[in-house]
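Worksheet: the structure to be examined is printed underneath.
The values are calculated or read from the model by the stated rules, or taken from the named source; none is laboratory data. None of these values were measured; they are calculated from a predicted model. All Cβ positions, glycine included, derive from the backbone under ideal geometry; neighbour counts span all protein chains shown.
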Amino acid sequence: MKQDDRFKQAEFAAWLGIIVNIILTIVKGIIGMKSNSKALIADAVHSASDIAGSLAVYIGLRAAKRPPDEDHPYGHGKAESIAAIIVAVILFLAGLQIGKTSITSLFTKIEVPGAMAIYAVIFSIIVKEALFQYKYRLGKKLNSDALIVNAYEHRSDVYSSIAALIGIGASILGNKINVHWLEYGDPIAGVTVSLLVLKMAWKLGADSIHNTLDHVLHEEDTTTFREMVASVPEVKEIGELHAREHGYYVIIDLKISVDPDITVKEGHEIGKKVKSKLLDHPDVHDVFVHINPDHSDENK
């Protein structure tokens, strides 16, 4: 896929997330206040954090699109991973705020939410699950950490909405059948939502930081690259092959052994063949080849 096409699809997904989250934040916030639902208001706060998350993803995608320059010879691909970390931090802070609000509600007079809150939550679950499926599949297709993390941000909103739905339903039911302890279902659901959000934010943040710190693919994940190098007949041996992740692409450093009796120019041409072969792979952005003389025959 061409880089321009990749970014057009990714940027459209980011803008779609921003617009949908603005709508959901307004709808859930207004209905949450009118129906006195702490869980729905907490869910609205969660959706509001998703707006900031989608904006961070958009900015990260724009930065990653920039070509290599003198200060960044390996390109700007890690901007997507940095955006993913920012999204995880925003998600974590939203989880703390939701938890604080919900715990405070447990020690104040319980107000049973109205039935309208249930319809708002169901609407949110359907929309957010659709967004998750779309962004997750697109993120996998484009190999974008930022989009995948943003997709899971939408999935966390689904979980929080389900918890809110259970809590709101329990609270309304408790009021109808005169079982007062069930009325605490709404704020308890808010606490549950916060724990789910915090757990997901921690995991996504840890994964994104791992990818940012010059993570190299494990040996089993570089089999295709090794086979491509080995297909060049002049390559006698592959010494080392490190595929470093830079956001949505990888940069490969490798050492190969060639016939020790050939000229420097011939060795250089073999290196160019290997580089050209690897650059045919859609995930490979650049290749650095070190040529060594092959001494395997001398050791026999």
**Request:** Kindly provide the set of residues from region 260-287 that are touching a residue at least 40 places away in the same chain (Cβ under 8 Å) and assigned to a loop (DSSP other than H, G, I, E, B), ordered by number.
**Result:** D280, H281, P282, D283
**Prompt:** Yes or no: Y152 among the aromatic types (F, W, Y) and closer than 26 Å to F12 by Cα?
**Reply:** yes
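Return yes when V264 is hydrophobic (A, V, I, L, M, F, W, C), at pLDDT below 90 and under 25 Å from the mean Cα position of the chain (by Cα) and no when it is not.
Taking the combined requirement at face value, the residue does not satisfy it.
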**Message:** Condition first: under 29 Å from W202 (Cβ atoms), modelled with pLDDT of 75 or more and not in a helix (DSSP H, G or I). Can you find one or more residues in region 77-98 that meet it?
**Reply:** no
**Item:** Residue count for region 118-147, restricted to those that are crowded, with 23+ Cβ neighbours inside 10 Å and in a helix (DSSP H, G or I)
**Value:** 10
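Can you pull out every residue in region 15-34 that is touching a residue at least 60 places away in the same chain (Cβ under 8 Å) and buried (at least 22 other Cβ atoms within 10 Å of the Cβ)?
Passing the criteria: G17, L24, K28, I31, G32.
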**Request:** Residue by residue through region 249-291, note down the ones that are surrounded by 15 or more Cβ atoms within 10 Å (Cβ to Cβ) and closer than 12 Å to G239 by Cα.
**Result:** D253, L254, K255, I256, S257, V258, V289, I291
**Asked** If I103 satisfies every condition in (1) surrounded by fewer than 16 Cβ atoms within 10 Å (Cβ to Cβ); (2) within 22 Å of L198 (Cα to Cα); (3) without any contact (Cβ under 8 Å) to a residue 40 or more places away in the chain but one, which is the exception?
**Response** (3)
